Amino acid sequence: MNGHAIRAIYSFEMARTWRTLSQSIAGPVISTSLYFVVFGSAIGSRMTAIGGVSYAAFIIPGLTMLSLLNESISNASFGIYMPKFSGTIYEVLSAPISYLEIVLGYVGAAASKSIVLGTVILLTARVFVDYHIAHPFWMFAFLVLTAITFSLFGFIIGLWADGFQKLQLVPMLIVTPLTFLGGSFYSIKMLPPFWQHVTLFNPVVYLISGFRWSFYGASDVSVGVSMTMTLVFLALCLGVARWLLKSGYHLKA
Amino acid sequence: MQSSEHFPELQTVTSDSLGALVDSIISVKNLTKTYASGFQALKNVNLEIRRGEIFALLGPNGAGKTTLIGVVCGTVNPSSGAVLADGHDIIADYRAARSKIGLVPQELSTDMFETVWDTVCFSRGLFGKPKNSAHIEKVLRELSLWDKRASKIMTLSGGMKRRVLIAKALSHEPQILFLDEPTAGVDVDLRRDMWHMVRALRETGVTIILTTHYIEEAEQMADRIGVINKGEIVLVEEKSVLMEKLGKKELILQLESPLKVIPPSLAQYELALSKEGAQLTFTFHAARERAKMATLLHDLAELGIGFTDLQTRESSLEEIFVSLVRPQS
Ligand SMILES: Nc1ncnc2c1ncn2[C@@H]1O[C@H](COP(=O)(O)OP(=O)(O)OP(=O)(O)O)[C@@H](O)[C@H]1O
Ligand SMILES: [Mg+2]
């Protein structure tokens with residue numbers, strides 16, 4: 001294991017984060033605050049409580065997940081796309097470093113950043129809503145696993161993308177709809193039965209459901225299923241990332 | 001095994017006859033590379049680089065120099081064949097192989113917002129070496145980058161960026177250094193500095209493989225020269241031997257009175273008239289036909305052709321090079 005290399009990539013990526021701290025942290029914090037003001041306070045005040053939880057409190061886990069997903073994907077995809085685009089990837093390719101180490105460095109940094117961000121968002125939410133966390137350990141477990149899984153997913157997109165359009169295509173066309181339809185703002189039990197079934201094909205449902213369970217002890221799908229699906233998706237992303245790197249896909253001619 | 005004492009007459013590839021007998025640090029065997037487009041950039045390349053030498057790889061644009069370097073360094077997947085770096089297979093044993101190699105790419109691909117210091121330290125870490133500020137400082141000072149250590153890379157000039165890339169490649173103390181056109185776009189002073197640096201590195205035992213379009217550079221620096229053309233190694237030779245073997249010499253005579261035609265009795269010599277018959281140029285092979293110069297002068301005297309001035313000129317590597325890569329006429 002080339003620990004120095006992992007640390008080098010990790011610190012390099014984290015340094016990029018600190019350099020762009022305002023965009024990295026402030027952006028998502030501001031947009032989340034806006035969601036709270038609009039959905040939580042303005043609209044939420046006219047909504048009935050869902051399963052005994054006020055609407056403003058109900059949307060906190062979903063909103064946090066929304067930012068977590070978007071930021072994990074955009075950070076990780078950008079992190080690997082940029083060196084590809086600028087050509088500096090040559091150095092990583094010529095270094096005595098395994099594919100796993102490359103992933104650990106880039107994805108580890110993107111996930112760390114997301115975890116910090118998720119925490120900051122939860123703290124921001126506290127300013128607006130007085131929520132409580134029923135299962136702090138599981139809350140953190142879901143936060144960390146989601147950050148890792150979607151950073152990996154972003155990494156894959158960054159590997160696959162051969163232009164800036166593609167880099168934004170997947171987040172825009174797939175991830176955003178899936179998060180919005182994944183129960184960020186509603187319980188899927190509010191949907192007609194047919195759509196409840198369709199929704200179960202959306203992986204984000206499991207993330208949000210599990211995450212919400214860790215807050216309020218109630219969930220759309222059982223927490224065991226949520227955790228299993230999260231791990232399945234993580235394993236899937238790991239497999240794809242490994243395969244892409246091994247074949248040198250879009251990295252090596 | 002062939003004797004190494006006698007050099008075979010001009011032949012296309014001489015790497016094996018010599019390579020097998022000396023300690024080679026890089027050994028390329030039957031290497032081919034076909035890009036996804038179907039273009040074959042390397043065709044059965046065999047090459048031995050000797051430990052501690054400066055090897056210049058020459059070839060026209062698109063010959064396959066960068067591709068060859070890319071395969072050895074791990075940025076290009078080979079299609080078939082094998083490469084050993086200091087005895088380690090570059091694929092099966094990539095960690096050991098790559099940790100010995102430093103690469104300065106042809107393109108000026110650098111980070112933008114990082115400082116010189118950070119980017120060079122990053123490279124060292126990437127190659128698995130623990131932090132060593134003293135070494136990084138030494139490298140930066142040698143490349144006259146010490147004053148720029150806190151500058152963001154995007155604020156540097158092209159020549160400085162080139163040096164940053166060299167610093168990155170040297171950050172992990174490689175035994176083998178690839179310089180892909182290190183002096184492209186570099187001013188005369190800096191080019192001198194770079195030659196100086198390359199020689200100094202060689203003194204410390206580093207093997208250097210460089211590509212260049214400046215023949216002068218290869219002539220000045222290299223111990224051995226390889227020529228690649230259309231994906232094939234067409235020649236590998238000691239520079240001195242190459243100059244000797246391939247070098248044409250010219251004898252230029254300023255005639256007392258102009259000649260209209262070359263006398264038929266001199267047909268055995270390769271002669272040309274210029275300056276309206278006032279200048280006679282005799283082209284001969286420096287090594288093999290040295291004696292002919294004397295006989296020509298003798299024959300001229302017999303014919304009563306006098307001359308006022310005489311000079312000889314040796315052809316440069318550039319001319320050798322051009323004659324090799326030009327399609328045979
Ligand atoms: N990624 C690629 N896909 C397809 N063809 C490629 C690729 N990279 C290089 N080639 C082709 O392979 C050939 C060799 O390219 P290479 O870059 O190795 O040449 P070179 O000798 O380094 O040239 P130069 O002196 O211009 O740097 C060229 O014809 C080039 O067009
Ligand atoms: Mg090239």
*Being within 16 Å of ligand 2 (Cβ to nearest atom) and in contact with a strand residue (DSSP E or B) (Cβ under 6 Å, 6 or more places away or on another chain) narrows it down to one of B:A63, B:A96, so name that one.*
B:A63
*Looking at A:A134, is it over 22 Å from A:K84 (Cα atoms), aliphatic (A, V, I, L, M) and not in a helix (DSSP H, G or I)?*
yes
*Quick check, is B:V186 in a loop (DSSP other than H, G, I, E, B) and within 16 Å of ligand 1 (Cβ to nearest atom)?*
yes
*Leading residue by the ranking (nearest to the chain's Cα centre (by Cα)) among those in the stretch B:102-123 that are of a type in the set (F, W, Y) and facing chain A (nearest Cβ under 8 Å)*: B:F122
*Looking at the stretch A:208-253, which of the residues that are among the aromatic types (F, W, Y) and within 30 Å of A:A134 (Cα to Cα) is farthest from the other protein chains (Cβ to nearest Cβ)?*
A:Y216
*May I ask you to list the residues in the stretch B:201-228 that are part of a helix (DSSP H, G or I) and touching a residue at least 40 places away in the same chain (Cβ under 8 Å)?*
B:R202, B:I215, B:E216, B:E217, B:A218, B:E219, B:M221
*Verdict on B:T119 being part of a helix (DSSP H, G or I), in contact (Cβ under 8 Å) with a residue 12 or more places away in the chain and among the polar types (S, T, N, Q)*: yes
*Please go through the stretch B:259-312 and pick out each residue that is basic (K, R), under 27 Å from B:L242 (Cα atoms) and surrounded by fewer than 16 Cβ atoms within 10 Å (Cβ to Cβ).*
B:R288, B:R290
*Look at the stretch A:156-206 and say how many of its residues are over 16 Å from the mean Cα position of the chain (by Cα), closer than 19 Å to A:D220 by Cα and surrounded by fewer than 17 Cβ atoms within 10 Å (Cβ to Cβ).*
12
*Mind checking which residues of the stretch B:33-75 are part of a loop (DSSP other than H, G, I, E, B), in contact with a helix residue (DSSP H, G or I) (Cβ under 9 Å, 6 or more places away or on another chain) and away from chain A (no Cβ under 13 Å)?*
B:G52, B:E53, B:G59, B:P60, B:A63
*Out of B:D193, B:D187, which single residue is away from chain A (no Cβ under 14 Å) and exposed (fewer than 15 other Cβ atoms within 10 Å of the Cβ)?*
B:D187
*How do the pairs read when you match residues in the stretch B:76-101 that are away from every other protein chain (no Cβ under 13 Å) with residues anywhere that are outside any loop (DSSP other than H, G, I, E, B) and of a type in the set (S, T, N, Q), using Cβ under 6 Å and keeping only pairs 6 or more apart or on different chains?*
B:S80/B:T32; B:G81/B:N30; B:G81/B:T32; B:L84/B:S27
*Would you mind finding the one in B:L255, B:L266, B:L242, B:L251 that is among the aliphatic types (A, V, I, L, M) and either under 25 Å from B:G59 (Cβ atoms) or not assigned by TED's automatic domain parsing to the domain that holds B:I305 (or both)?*
B:L242
*Selection from the stretch B:102-115 of residues that are in contact (Cβ under 8 Å) with a residue 60 or more places away in the chain and either assigned to a strand (DSSP E or B) or more than 23 Å from A:R16 (Cβ to Cβ) (or both)*: B:G102, B:L103, B:V104, B:Q106
*asked:* Given the criterion more than 16 Å from ligand 2 (Cβ to nearest atom) and under 27 Å from B:E238 (Cβ atoms), identify the matching residue among B:I69, B:I153, B:I54.
replied: B:I54
_helices (runs of 4 or more DSSP H) wholly inside the stretch A:159-219 containing at least 2 residues that are among the hydroxyl-bearing types (S, T, Y)_ = A:176-180, A:203-216
*Does B:V139 fit the bill of being more than 20 Å from A:L93 (Cα to Cα), surrounded by 18 or more Cβ atoms within 10 Å (Cβ to Cβ), modelled with pLDDT of 95 or more and more than 13 Å from chain A (Cβ to nearest Cβ)?*
no
*Any chance B:R149 is modelled with pLDDT under 90 and buried (at least 16 other Cβ atoms within 10 Å of the Cβ)*: no
_Looking at the stretch B:214-236 only, could you name the residues that are within 15 Å of ligand 2 (Cβ to nearest atom) and more than 8 Å from the chain's Cα centre (by Cα)?_
B:Y214, B:I228, B:N229, B:K230, B:G231
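Yes/no per residue for (1) at pLDDT 75 or above; (2) surrounded by fewer than 18 Cβ atoms within 10 Å (Cβ to Cβ); (3) farther than 19 Å from A:G108 by Cβ:
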site	(1), (2), (3)
A:G3	yes, yes, no
A:A8	yes, no, no
A:Y35	yes, no, yes
A:M47	no, yes, yes
*Of the residues in the stretch B:124-136, how many are away from every other protein chain (no Cβ under 14 Å) and of a type in the set (K, R)?*
0
*If a residue has to be without any contact (Cβ under 8 Å) to a residue 12 or more places away in the chain and within 10 Å of another protein chain (Cβ to nearest Cβ) to count, how many in the stretch A:13-48 make the cut?*
3
*Regarding B:V139, is this residue over 22 Å from the mean Cα position of the chain (by Cα) and under 29 Å from B:R95 (Cα atoms)?*
yes
*asked:* Quick check on the stretch B:210-230. Is at least one of its residues under 26 Å from B:Y35 (Cβ atoms), within 16 Å of ligand 1 (Cβ to nearest atom) and within 14 Å of chain A (Cβ to nearest Cβ)?
replied: no
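The values are calculated or read from the model by the stated rules, or taken from the named source; none is laboratory data. Keep in mind the model is a prediction, meaning the values are calculated, not measured. Methodologically, a virtual Cβ is constructed for each residue, glycine included, from the backbone with ideal geometry; neighbour enumeration extends over all protein chains shown.
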